[in-house]
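Single-structure report; data block below.
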Amino acid sequence: MGQPQAQSDGTEAGKPPLRVGMVGYAFMGAAHSQGWRTAGRVFDLPLNPVQAVICGRDATAVRAAADRHGWASTETDWRTLVERDDVDLVDICTPGDSHAEIALAALAAGKHVLCEKPLANTVEEATSMVRAAEEAHQRGQVAMVGFNYRRVPATALARRMVAEGRLGALRHVRVTYLQDWLVDPQFPLTWRLRKEQAGSGSLGDLGAHIIDLAQYLVGERLAGVSALTETFVRERPLPTGATSGLSAVSSAGTGQVTVDDAALFTARFPSGALASFEATRYATGRKNALRIELNGERGSLAFDLERLNELSFHDGTEPGAEAGFRRILVTEPDHPYLDAWWPPGHGLGYEHTFVHQARDLVHAIAEGRRPEPSFADGLQVQRVLAAVEESAEKNSVYTPIAV
Ligand SMILES: NC(=O)c1ccc[n+]([C@@H]2O[C@H](COP(=O)([O-])OP(=O)(O)OC[C@H]3O[C@@H](n4cnc5c(N)ncnc54)[C@H](O)[C@@H]3O)[C@@H](O)[C@H]2O)c1
């Protein structure tokens with residue numbers, strides 16, 4: 001047999017297809033499209049991802065999105081999409097209030113599922129999704145939640161170094177996720193500021209990411225939290241028409257903000273490490289500043305998403321006179337994901353995390369194993385979010401995470 005032949009759409013013939021149906025076509029829709037379009041062209045995958053169908057409620061807008069992002073067909077009702085025979089995987093890129101309903105229907109229809117974070121808007125919804133995913137797994141289906149920051153090569157390298165014991169016992173985990181797009185009180189009341197659609201504010205949007213990333217890097221789940229939350233601007237102009245991503249236009253009327261604007265919490269890991277978390281959309285000047293630092297008895301690691309090709313490492317076992325933080329440029333072929341990309345020094349960006357996410361999910365499907373992060377991992381993050389809200393409501397009382 002010769003090499004698989006490239007087809008006109010750039011994918012490879014001779015491999016079984018994985019036909020993707022995606023719901024939502026704005027910010028994450030564009031990012032996931034990038035992932036599906038590119039993964040099979042860069043990595044040697046066991047299945048051939050096919051962008052079969054994209055769904056949105058506005059027929060004209062979804063047609064334009066399909067043309068722009070490379071989808072073969074469109075639907076205007078996600079219920080039709082999940083029932084289509086030519087869809088193997090449903091990719092959910094909608095706000096949190098629709099995650100559970102779409103995921104449950106897709107799993108019942110025999111599809112694999114990729115669902116954006118946070119997994120759901122409540123612990124109850126997330127629990128039902130885990131139950132459905134477990135039953136579906138018995139039938140050979142897989143379900144993954146989209147915590148894409150695990151797929152930055154530098155964070156994956158950090159995980160490897162922690163697991164190898166390079167830091168020794170961990171003492172501190174310090175995490176912040178800072179943005180500033182809500183500083184203007186005239187920014188309109190989009191779905192991210194409404195509890196019934198988003199579940200929570202900065203907490204579920206940014207906090208969910210850093211909870212997952214911290215637990216992934218440490219290799220443990222948080223035991224309990226003490227939290228503060230605040231809503232700085234409680235009333236905002238209503239948006240006009242469709243809103244997309246993090247931008248929108250406002251109209252005359254106003255409405256109530258029903259989510260947190262910022263969440264701060266301290267936490268304990270079972271092994272004894274102490275952690276601090278800060279998630280806000282009011283950090284003037286900070287655009288997408290996800291920063292994490294781990295301090296262990298043998299060394300420290302630090303990562304900044306705004307410099308995502310780099311990892312800072314201090315090896316505490318080196319002689320004091322020479323020791324210090326050094327920058328690892330995470331672009332070498334033996335760094336995670338990098339063997340398929342560019343020569344050393346030719347860095348990657350945000351979008352590549354979605355390519356890596358698609359790659360890892362395709363492997364899990366082909367191998368019939370539970371992908372990471374699984375729906376169960378998403379549920380556990382949801383429990384941490386719930387504990388943070390409970391603690392904040394009770395004057396920061398230490399609140400154990402339910403198991
Ligand atoms: N992984 C990340 O880094 C990351 C970043 C941003 C957002 N997210 C998550 O992705 C999800 C979507 O966020 P976004 O920023 O793309 O939002 P967005 O507002 O940019 O896009 C939402 C999309 O969902 C569509 N939609 C909403 N309800 C629908 C329905 N019932 N049927 C069909 N389509 C529907 C909208 O038309 C729009 O296309 C959220 O869960 C969010 O938390 C993840």
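The values are calculated or read from the model by the stated rules, or taken from the named source; none is laboratory data. Bear in mind the structure is a predicted one, so any value in this text is a computation, not a measurement. Glycine gets a Cβ as well: all are built from the backbone with ideal geometry, and neighbour counts include every protein chain shown.
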In region 326-355, the residues that are touching a residue at least 40 places away in the same chain (Cβ under 8 Å) and aliphatic (A, V, I, L, M):
Ile328, Val330, Leu338, Ala340, Leu348, Val355
Hand me the list of strands (runs of 3 or more DSSP E) wholly inside region 61-132 holding 2 or more residues that are more than 13 Å from the ligand (Cβ to nearest atom).
112-116
The listed residue being within 16 Å of the ligand (Cβ to nearest atom), of a type in the set (Lys, Arg) and more than 16 Å from Glu278 (Cβ to Cβ), out of Arg166, Arg150
Arg150
If I filter region 182-193 down to residues being crowded, with 17+ Cβ neighbours inside 10 Å and touching a Pro at 6+ places or on another chain (Cβ under 9 Å), which single residue comes out as nearest to Phe277 (Cα to Cα)?
Arg192
In this structure, is Phe43 away from the ligand (no atom under 16 Å from the Cβ), at pLDDT 95 or above and either within 22 Å of Cys93 (Cα to Cα) or surrounded by fewer than 24 Cβ atoms within 10 Å (Cβ to Cβ) (or both)?
yes
Residue count, region 213-239, condition in contact with a strand residue (DSSP E or B) (Cβ under 8 Å, 6 or more places away or on another chain), under 14 Å from Gln380 (Cα atoms) and not hydrophobic (A, V, I, L, M, F, W, C), comes to 1
Filter region 205-235 for residues that are part of a helix (DSSP H, G or I) and among the hydrophobic types (A, V, I, L, M, F, W, C); the one that is farthest from the ligand (Cβ to nearest atom) is Val218
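Going by the conditions given, is Tyr177 closer than 30 Å to Leu311 by Cα, within 15 Å of the ligand (Cβ to nearest atom) and not in a helix (DSSP H, G or I)?
Values: closer than 30 Å to Leu311 by Cα: yes; within 15 Å of the ligand (Cβ to nearest atom): yes; not in a helix (DSSP H, G or I): yes.
Against the criterion (closer than 30 Å to Leu311 by Cα, within 15 Å of the ligand (Cβ to nearest atom) and not in a helix (DSSP H, G or I)), Tyr177 qualifies.
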Within region 283-319, of all residues that are under 21 Å from Trp181 (Cβ atoms) and without any contact (Cβ under 8 Å) to a residue 40 or more places away in the chain, the one surrounded by the most Cβ atoms within 10 Å (Cβ to Cβ) is Asp304
Is one or more of the residues making up region 363-386 surrounded by 18 or more Cβ atoms within 10 Å (Cβ to Cβ), more than 24 Å from Ala31 (Cβ to Cβ) and among the charged types (D, E, K, R)?
yes
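Val183: more than 16 Å from the ligand (Cβ to nearest atom), hydrophobic (A, V, I, L, M, F, W, C), closer than 20 Å to Phe27 by Cβ and in contact (Cβ under 8 Å) with a residue 60 or more places away in the chain, yes or no?
Working: more than 16 Å from the ligand (Cβ to nearest atom): yes; hydrophobic (A, V, I, L, M, F, W, C): yes; closer than 20 Å to Phe27 by Cβ: yes; in contact (Cβ under 8 Å) with a residue 60 or more places away in the chain: yes.
Yes; evaluated as a whole, the condition is true for this residue.
Could you tell me how many of the residues in region 143-170 are touching a residue at least 60 places away in the same chain (Cβ under 8 Å) and over 17 Å from the mean Cα position of the chain (by Cα)?
Quick first cut of region 143-170, residues touching a residue at least 60 places away in the same chain (Cβ under 8 Å) only: 143-162, 165-170.
Remaining after also requiring over 17 Å from the mean Cα position of the chain (by Cα): 157-158, 160-162, 165-170.
Qualifying residue count for the region: 11.
Consider Ala392 carefully, then state whether it is of a type in the set (Gly, Ala, Ser), modelled with pLDDT of 95 or more, part of a helix (DSSP H, G or I) and not assigned by TED's automatic domain parsing to the domain that holds Arg159. Reasoning before the result, please.
On the way: of a type in the set (Gly, Ala, Ser): yes; modelled with pLDDT of 95 or more: yes; part of a helix (DSSP H, G or I): yes; not assigned by TED's automatic domain parsing to the domain that holds Arg159: no.
The answer is no for Ala392.
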